[in-house]
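The values are calculated or read from the model by the stated rules, or taken from the named source; none is laboratory data. Only a predicted model underlies this, so the values are computations on that prediction, with no experimental measurement involved. FYI the Cβ positions are ideal-geometry reconstructions off the backbone, even for glycines, and counts take in every protein chain you see.
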Amino acid sequence: MKNTFETILKNRFNFLIKEFQFRLQSLDKIDGGFYACFINKYCGVCIRYEFREAYLFITLHKLIDGKPANNSRPISQDTPINAIALDDILFVKNPLAIVKPAYAYGADSEYYDKKSGLDLYVTRFADNLRDYAADVLNGNFDIFSTVSPIIKKRSENEHTTR
């Protein structure tokens, strides 16, 4: 079987199914990338890979009526936070673990190895999800209250710089 992005994603995030009782709800090729969503009885994990950005965006969502809930827009101080980025969890728990877009590492990076680069890159994200978000994957959303002020401040800054 060819080592396509779809295959790599299924393999590297299979731990969600095996260890945390998720099911793969969707895996779709979208304009410019891929989108996948895993759901268990506690939360949703949505993964968007954009070829142009060379980056995996991973968000963890509370469920409302069994579906991943997004944050209402615009985000204000009173907005309940239903979805947080894995990067925000990492910012709180271990900023050194944050993975940058692949191009930020340079063309001679291990992530550009033709045989294993993409797999290694996706593995870093999967490992971060397992290592730093297991509490959320098991239904403990305490980190949301820690990350919420960060999200709200960022949203406030985005609105004031426009």
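State whether the residues of the range 84-92 include one that is closer than 19 Å to ARG48 by Cβ, at pLDDT 90 or above and charged (D, E, K, R). Taking every residue of the range 84-92 in turn, at least one turns out to be closer than 19 Å to ARG48 by Cβ, at pLDDT 90 or above and charged (D, E, K, R). Inspect all residues belonging to the range 69-80 and state whether any of them is under 17 Å from TYR121 (Cα atoms), in contact (Cβ under 8 Å) with a residue 40 or more places away in the chain and either touching a strand residue (DSSP E or B) at 6+ places or on another chain (Cβ under 9 Å) or buried (at least 19 other Cβ atoms within 10 Å of the Cβ) (or both). No - not one qualifying residue is present in the range 69-80. The residues in the range 23-42 that are touching a residue at least 24 places away in the same chain (Cβ under 8 Å) and either assigned to a loop (DSSP other than H, G, I, E, B) or closer than 21 Å to PHE144 by Cα (or both) can be counted, and the count is 6.
When the residues of the range 34-54 are narrowed to those that are surrounded by fewer than 19 Cβ atoms within 10 Å (Cβ to Cβ) and not hydrophobic (A, V, I, L, M, F, W, C), which ends up farthest from ASN82 (Cα to Cα)? Once the filter is applied, the top-ranked residue is ARG52.
For the range 62-83, indicate whether the set of residues that are within 13 Å of LEU129 (Cα to Cα) and out of contact with any His (no Cβ under 8 Å at 6 or more places or on another chain) is non-empty. Within the range 62-83, not a single residue is within 13 Å of LEU129 (Cα to Cα) and out of contact with any His (no Cβ under 8 Å at 6 or more places or on another chain). Only one of (1) without any contact (Cβ under 8 Å) to a residue 24 or more places away in the chain; (2) more than 18 Å from ASN140 (Cα to Cα); (3) buried (at least 19 other Cβ atoms within 10 Å of the Cβ) fails for HIS61. Which number is that? Condition not satisfied by HIS61: (2).
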